[in-house]
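Only one structure is covered here, and it is reproduced in the block below.
The values are calculated or read from the model by the stated rules, or taken from the named source; none is laboratory data. This one's a predicted model, so the numbers in the text were calculated from it and none came from an experiment. A quick note on method: Cβ atoms are made from the backbone with ideal geometry, for glycine too, and the neighbour counts reach across all protein chains shown.
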Amino acid sequence: MGNFSLDPGQLARCAELRDLARRHLAPLAEKGEPGRVNRPLVAELGRLGLLERLFTSGALDLCLMRESLAQVSTEAETALALQGLGAHPVHAYGTRAQRTRWLPEVRAGRAVAAFALTEPGAGSDAAALALRATATDIAPLEGRGELRDQPRRDPHPPPPPQSWLLNGEKTWISNAPEADFYTVFARTGAPGTRAGGVTAFLVPADRPGLTGTPLDMLSPHPIGTLAFDDVPVTTDDVLGEPGGGFRVAMNTLNLFRPSVGAFALGMAQAALDATLAHTARREAFGGPLKDLQTVAHQVADMALRVESARLMVYAAASAYDEGADGVPRRAAMAKLLATETAQHVVDTAVQLHGARALRRGHLLEHLYREVRAPRIYEGASEVQRAVIARELYKEAAP
């Protein structure tokens, strides 16, 4: 494992990303409509080659991208991350036909992806999915006689593709209902089989029976519900293997959980930078705020927490890239520490700025709204603690 100090090339790429975000992405983000997919922003991410990097980079580079973008534009960061989260299962587990059809469109920013795991009764308990995939029969073709000069039929033809009908609901799905395709996790096994009975499907948005409804959320990006009413899928739509969907979901989350921490770090760093500037120039009690010991100590504590969380995020991402042991535990620790840290740092920054930070349009007002959600999605903080404890006991077992 490395010492997690970034080399000059990595530092230069981070600075370049922040510059691209300021010049190209933030202006498009400001023109977006809250609660709607900002397709010009997604297309610009594609034009700049950032979406391509989602599929050619490791976990550490993903973290650096998300942290750098989040320091300048949380909307741009989120648009990038959601493309990665929704399309990574296709990249990692998809068939050649699935990858050929969808990944070039995702890379170019022409197709919007979504990761559809959460349900009304299965949020933190991802193995408790209720969306059903009920197997159906495909009737064989009949009434076609053979002509004598035709080649003989294969006595052992490949079996026809298995088909299912999806019925149920997904909720709190980012980019729903506006995505072009969804990575959907459904129960194909018998009730009670939990993780082993889940299959991942690639479901295009135009499948019959698939509808969606937007939800009015605090987040500026779209979040909605999806309703499945006899939505047809076949083995051609399966990602990975039938019954292997829980593995697809968990491996995707193990990759993206540290980078959720990186997103939080970007927001925390932006809040810290704003606080340093504000307390250096704001006059109170006969001098700048930074000369007050109580303020200086709070700023020092903010910086300490941010740097500590950053080291853990980089360590978890490097462990993933190196195939090291303990990736689920490290990923959970990174997400937990970084998101909880960001919440504290942004809240402290608001306190040190006073009422001006709560005015609509202020950077900290924006961060104060944005920083709350990462403590919930992709596994709430309580779930991360459960994962950490489970993995620790597993590692300690003789």
- Note on the structure: Of the residues in region 187-220, those that are in contact with a helix residue (DSSP H, G or I) (Cβ under 8 Å, 6 or more places away or on another chain), modelled with pLDDT under 95 and aliphatic (A, V, I, L, M) come to Ala190, Ala195, Val198, Leu218
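Could you please let me know if Thr78 is surrounded by 24 or more Cβ atoms within 10 Å (Cβ to Cβ), polar (S, T, N, Q) and closer than 20 Å to Phe115 by Cα?
When the stated conditions are applied, Thr78 passes them.
Evaluate region 93-106: report whether one residue or more is touching a residue at least 12 places away in the same chain (Cβ under 8 Å), closer than 21 Å to Ala373 by Cβ and aliphatic (A, V, I, L, M). Full working, then the answer.
We begin by selecting, within region 93-106, every residue touching a residue at least 12 places away in the same chain (Cβ under 8 Å); these are 93-95, 97-98, 102-103, 105-106.
Subset that is closer than 21 Å to Ala373 by Cβ: none.
Looking through region 93-106, none of the residues is touching a residue at least 12 places away in the same chain (Cβ under 8 Å), closer than 21 Å to Ala373 by Cβ and aliphatic (A, V, I, L, M).
For residues that are of a type in the set (S, T, N, Q) and more than 21 Å from Asp206 (Cβ to Cβ), scanning just region 93-133, find the one that is modelled with the highest pLDDT. Give the derivation first.
Going residue by residue through region 93-133, those that are of a type in the set (S, T, N, Q) are 95, 98, 100, 118, 124.
Add one more test, that the residue is more than 21 Å from Asp206 (Cβ to Cβ), and what stays is 118, 124.
Working: Thr118: 93, Ser124: 65.
Result: Thr118.
One line per residue, one yes/no per condition, for (1) in contact with a Phe, Trp or Tyr (Cβ under 6 Å, 6 or more places away or on another chain); (2) of a type in the set (A, V, I, L, M); (3) modelled with pLDDT under 95:
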| site | (1), (2), (3) |
| --- | --- |
| Arg310 | no, no, no |
| Val313 | no, yes, no |
| Glu322 | no, no, yes |
| Glu340 | no, no, no |
| Gln343 | no, no, no |
| Thr348 | no, no, no |
| Gln351 | no, no, no |
| Leu358 | no, yes, yes |
| Val387 | no, yes, yes |
- Condition check for Leu50: without any contact (Cβ under 8 Å) to a residue 60 or more places away in the chain and more than 17 Å from the chain's Cα centre (by Cα): no
- Matching entry among Arg39, Arg66 (being at pLDDT 95 or above and either in the same structural domain as Asp206 (by TED's automatic domain parsing) or surrounded by fewer than 23 Cβ atoms within 10 Å (Cβ to Cβ) (or both)): Arg39
- Under the condition of being in contact (Cβ under 8 Å) with a residue 60 or more places away in the chain, in a helix (DSSP H, G or I) and among the aliphatic types (A, V, I, L, M), which residue from region 322-335 is surrounded by the fewest Cβ atoms within 10 Å (Cβ to Cβ)? Val327
- Message: With the structure loaded, tell me whether Ala324 is under 22 Å from Cys63 (Cβ atoms) and in contact with a Pro (Cβ under 7 Å, 6 or more places away or on another chain) or whether it fails that test.
- Response: no
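So which of Ala303, Ala309, Ala277 is assigned to a helix (DSSP H, G or I), farther than 22 Å from Ala79 by Cβ and without any contact (Cβ under 8 Å) to a residue 24 or more places away in the chain?
That would be Ala277, the only listed residue that is assigned to a helix (DSSP H, G or I), farther than 22 Å from Ala79 by Cβ and without any contact (Cβ under 8 Å) to a residue 24 or more places away in the chain.
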- Query: In this structure, is Glu77 assigned to a helix (DSSP H, G or I) and either free of Cβ contacts under 8 Å to residues at least 40 places away in the same chain or hydroxyl-bearing (Ser, Thr, Tyr) (or both)?
  - Reply: no
- Test Arg247 against the criterion of being over 22 Å from Thr74 (Cβ atoms) and under 23 Å from the mean Cα position of the chain (by Cα), and give yes or no. yes
- Query: Could you list, in sequence order, the residues of region 1-27 that are touching a residue at least 24 places away in the same chain (Cβ under 8 Å) and of a type outside the set (Gly, Ala, Ser)?
  - Reply: Met1, Phe4, Leu6, Gln10, Arg13, Cys14, Leu17, Arg18, Leu20, Arg22, His24, Leu25
- Got a number for residues in region 281-318 being touching a Pro at 6+ places or on another chain (Cβ under 7 Å) and charged (D, E, K, R)? 2
- Give region 21-36 a look and list any residue that's in contact with a Leu (Cβ under 9 Å, 6 or more places away or on another chain) and either basic (Lys, Arg) or on the phi > 0 side of the Ramachandran plot (or both), or say none. Lys31, Gly35
